[in-house]
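Here is the structure we will look at.
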Amino acid sequence: MEYPNRICKRCLLKEVDAEYFESLSIYINSIDEDLKVGNVTYKERLDICQECDKLVDGMCSGCGCYVELRGIMKKNKCPYDKWL
Amino acid sequence: MKKLFINENNKQGQIKAEIYGQFAEHLGRCIYEGIYVGEDSEIPNINGMRKDVVDALKELQVPVLRWPGGCFADEYHWRDGIGPKETRKKMINTTWGGKVEDNSFGTHEFFELCEQLGCKTYVNANLGSGTVQEMNEWVEYMTSDAESPVVEERRKNGRQEPWKVDYLGIGNESWGCGGHMPPAHYAGEYRRYNTFVKNYSFDRPIKRIASGPNGDDYNWTEVVMDTILNDKGFAPEYDWYQEMLQTGLSGLALHYYTYPDGHVQKGLATEFDKAGWYRTMTKAAFIDELIEKHGTIMDRHDPNKKVGLMVDEWGTWFASEPGTNPFFLYQQNTMRDALVAGLSLNIFNKHCDRVHMTNIAQMVNVLQAMILTEGKKMVLTPTYHVFKMYKNHQDAALLESYVDGIEVIGAEDDFKVADIFESASIAEDGTITATINNISITESADMEILFAELKPEHVKATILTNKMDAHNTFDNPEVVKVEEFTDFTVTDRGVKFTLPACSVITFEVR
């Protein structure tokens, strides 16, 4: 994984590193559907993340997670309680 | 019945408090989010330092903190981290995951943190990509009280009095990320840089630490010790000069991590089997052999053991938690980590004549951490609890001790390890502390502590025990916790008890 010399604030991983996002997507697709939230909730969560200054290059600096993965899991919460 | 003999009449040296030292690098969420959140954060803080984390760390009596790296140290330029925060240089931490480093945690903030923790300071300076002048001026900035432009700059930035730098690392992993130097080349560089690291106060000289070996690289130790200590070159007054200026070598840094499945394909912290457990313990216990063998080399050059073997990076290194930035080195922490910490600290105690400091990697959110944070939440790890259970050893006198009845156990022929590790010490107030680990994940052990003469009058004990992969989470933070241990019998010579499988016990005896 290479890092660009510029940073992208409030960007999802798919916007900054397509190759790494591809491998993350494969992992997300392998997760049991029962553990995941539906598309509407997923989009709501990611929309909130994209309004947050903690999101840099697809990663939440509050928890160190790529939000596209963190946001898909039912059990997960935003570390700063912006979505539950 | 296993017997733990403790001779309270034979003190074998002082267990320096620094053996229980910590390490915080600009890596992942160790400094930022884990310790420092800034003055304007919604997370309660004092001068930007998270109050919950600092309060928890104070319970450990952190004796010393190493900063700013690690590999980051040899890319760190101290001037980026001083002055008004809004004007500090923003950069990308290319070593560790491409995170934006805004330098809001710099020199002043490090000393603020150490003041809050009440600990000694260990600054690792940049030899790899810095200059002699840069290191010289940083030391002047931190420790001088003279009238000079650099000191005036510090005062202008809000700090009137000099700070105390207890330890200064002159380069880090110079065999690797710190410059990929051969040992003789590094040793020469060390001598050059060290010449210009001045002591501005002779009643508190800076203890200098050279970059030491990577694991079992014994040639590094031989060449670096010989070149720094013995090679006088054309300056026969070298020893006298160093003695007068108090600039001699105080420590050689050894780095050793426990990778149970190798450096490349690491398994997860929480997912392992019985064989993985014993591989981990066997590899962790290898530190004993490393200390013995590096110590033997050091003995030839430094028979009076003035130079400490500083194990300033150690601990478990597993795969990063799924979904987190792999370069942030964020890993969970289970009873496996607790036993690695327990046996390692017992080994360090027993080598306290040569091991003068260790710094577990790292303090918060990185590798074998004391504390994990997620936003406002904080969780104490099993490793944290072990450090707390061992804190009586700090600055106590090591006592002669050994176990009769040790068995060698394991699931694979190549990875066998002793089932029991222990050490014992006596504090100034006469309290004897014995810390004992049962490495077996299936077998408890009947044990009797036997003292030479002491007839115990007051005995209390605490225990940390659980399943091998038990760990604390933000939703369930007290799965692994310290509990009082009362299931023992006091005899006229000691204490009898059964040591549960997979456990760490601390006895305090008077």
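The values are calculated or read from the model by the stated rules, or taken from the named source; none is laboratory data. Quick caveat, the model's predicted, so the values are computed rather than measured. FYI the Cβ positions are ideal-geometry reconstructions off the backbone, even for glycines, and counts take in every protein chain you see. These accessible areas exclude ligands, DNA and RNA; they are computed on the full protein's heavy atoms, side chains included. Shrake-Rupley method; radii C 1.70, N 1.55, O 1.52, S 1.80 Å.
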With only alpha-carbon atoms counted, please give the Rg and Dmax of the stretch B:352-436, in Å. 16.6, 48
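Among DSSP beta bridges lying fully in chain B, give the percent that are antiparallel, nearest 5. Walk me through the intermediate numbers first.
Details: 56 of 96 bridges.
In chain B, DSSP labels about 60 percent of beta bridges as antiparallel.
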Note: B:Ser41 to B:Lys3 extended length (0.36 nm per residue) minus current alpha-carbon separation gives 8.4 nm
Which log10 I(q)/I(0) values does the stretch B:393-510 give at q = 0.09 Å⁻¹ under the Debye formula, counting every alpha carbon as one identical point scatterer? -0.28
Cysteines, chain B, no other Cys beta-carbon under 4.7 Å: B:Cys30, B:Cys114, B:Cys119, B:Cys352, B:Cys502
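Using Cα pairs closer than 8 Å and at least 6 residues apart in sequence, work out the relative contact order for chain B, in percent.
Numbers: 1178 pairs, mean separation 96.9, N = 510.
RCO, chain B: 19 percent.
Quote the charge dipole size of chain B about the Cα centre in Debye, to the nearest 20; the model charges only the Cβ of Lys and Arg (+1) and of Asp and Glu (-1). Don't skip to the answer; put the middle values down first.
Details: 51 positive and 77 negative charges, 97 e Å.
Here the size comes out at about 460 debye.
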Gain in span if fully extended, B:Ala146 to B:Gln14, counting 0.36 nm per residue against the direct Cα distance: 43.9 nm
Note on the stretch B:385-510: contact order normalised by length, alpha-carbon pairs under 8 Å, 6 or more apart, percent, works out to 30
Please state the charge dipole magnitude for the protein assembly as shown, taken about the Cα centre, from unit charges on C-beta atoms (+1 on K and R, -1 on D and E), reported in debye and rounded to the nearest 20. 760
Which is farthest toward the positive dipole end of the protein assembly as shown among B:Asn45, B:Thr121, B:Thr195, measuring Cα position about the Cα centre, with Cβ charges +1 (Lys, Arg) and -1 (Asp, Glu)? B:Asn45
Out of B:Gln265, B:Leu290, B:Tyr238, whose Cα points farthest toward the positive end of the dipole of the stretch B:230-308 (charges: +1 Lys, Arg; -1 Asp, Glu; placed on Cβ)? B:Gln265
So what is log10(I(q)/I(0)) for the stretch B:98-194 at q = 0.17, 0.25 1/Å, when the Debye sum runs over its Cα atoms only? -0.87, -1.31
Of the listed links B:Lys51/B:Lys376; A:Lys54/B:Lys376; B:Lys164/B:Lys198; B:Lys3/B:Lys388; B:Lys120/B:Lys377; B:Lys16/B:Lys305, those spanning more than 20 angstrom between alpha carbons are B:Lys3/B:Lys388; B:Lys120/B:Lys377
In cubic angstrom per residue, the convex hull of the protein assembly as shown built on its Cα atoms measures 157
Within the stretch B:31-59, which residues have the backbone N less than 19 Å from the label spot 7 Å out from B:Glu86 along Cα→beta-carbon, could you tell me? B:38-41, B:48
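Given DSSP loops and a limit of at most 10 other Cβ atoms within 10 Å, what is the longest stretch of chain B that contains no such GluC sites (Glu not before Pro)? Provide the component values of the computation, followed by the final result.
Numbers: sites that count: B:Glu42, B:Glu147, B:Glu237, B:Glu428, B:Glu453, B:Glu457, B:Glu478.
In short, B:238-427.
What translational diffusion coefficient, in µm²/s and rounded to a whole number, does the Stokes-Einstein relation yield for chain B at 25 °C and a viscosity of 0.890 mPa s, taking the hydrodynamic radius as the Kirkwood radius over Cα pairs? Spell out each step's value before the answer.
On the way: Rh = 23.5 Å.
In µm²/s, the coefficient is 105.
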Need one number: the % of Cα-Cα pairs in the stretch B:302-341 sitting beyond the 13 Å mark. 66
About the Cα centre of the stretch B:365-429, how large is the charge dipole given +1 on each Lys and Arg Cβ and -1 on each Asp and Glu Cβ? Please answer in debye to the nearest 20. 680
How large, in Å, is the stretch B:147-283 by the Kirkwood hydrodynamic radius built from its alpha-carbon pairs? 18.0
Across bins of 10 angstrom width beginning at 0, how are the C-alpha pair distances of the stretch B:2-102 distributed, in whole percent? 12, 34, 29, 11, 9, 5, 0
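Counting other Cβ atoms within 10 Å of each Cβ, which trypsin sites (Lys or Arg not before Pro) in the stretch B:441-488 have at most 14 and sit in a DSSP loop? Walk me through the intermediate numbers first.
On the way: sites: B:Lys460, B:Lys467, B:Lys481; in loops: B:Lys467, B:Lys481.
Passing both the DSSP loop test and the Cβ count: B:Lys467, B:Lys481.
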Between the stretch B:126-170 and the stretch B:363-424, the Cα center-to-center distance that results, in Å: 36
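Note down, for the stretch B:233-352, the three equivalent ellipsoid semi-axes (square root of 5 times each alpha carbon gyration tensor eigenvalue), biggest first, whole angstrom. Spell out each step's value before the answer.
Values: eigenvalues 274, 56, 25 Å².
After scaling each eigenvalue by five and taking roots: 37, 17, 11 Å.
What fraction, in whole percent, of alpha-carbon pairs in the stretch B:51-120 exceed 15 Å separation? All intermediate terms of the calculation are to be shown ahead of the outcome.
On the way: 1435 of 2415 pairs.
So the pairs more than 15 Å apart make up 59 percent of the total in the stretch B:51-120.
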Evaluate the relative contact order of the stretch B:292-379 (contact order divided by residue number), counting alpha-carbon pairs under 8 angstrom at least 6 apart; express in whole percent. 33
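Measure off, as a whole percent, the carbon and sulfur share of the 1.4 Å-probe accessible area of chain B, all protein chains present. Write out the running numbers ahead of the final one.
Working: 9230 of 19080 Å².
Roughly 48 percent of what the probe reaches on chain B is carbon or sulfur.
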Two-site label geometry, B:Lys496 and A:Ile31: point separation in nm, points 7 Å out along Cα→Cβ: 5.4
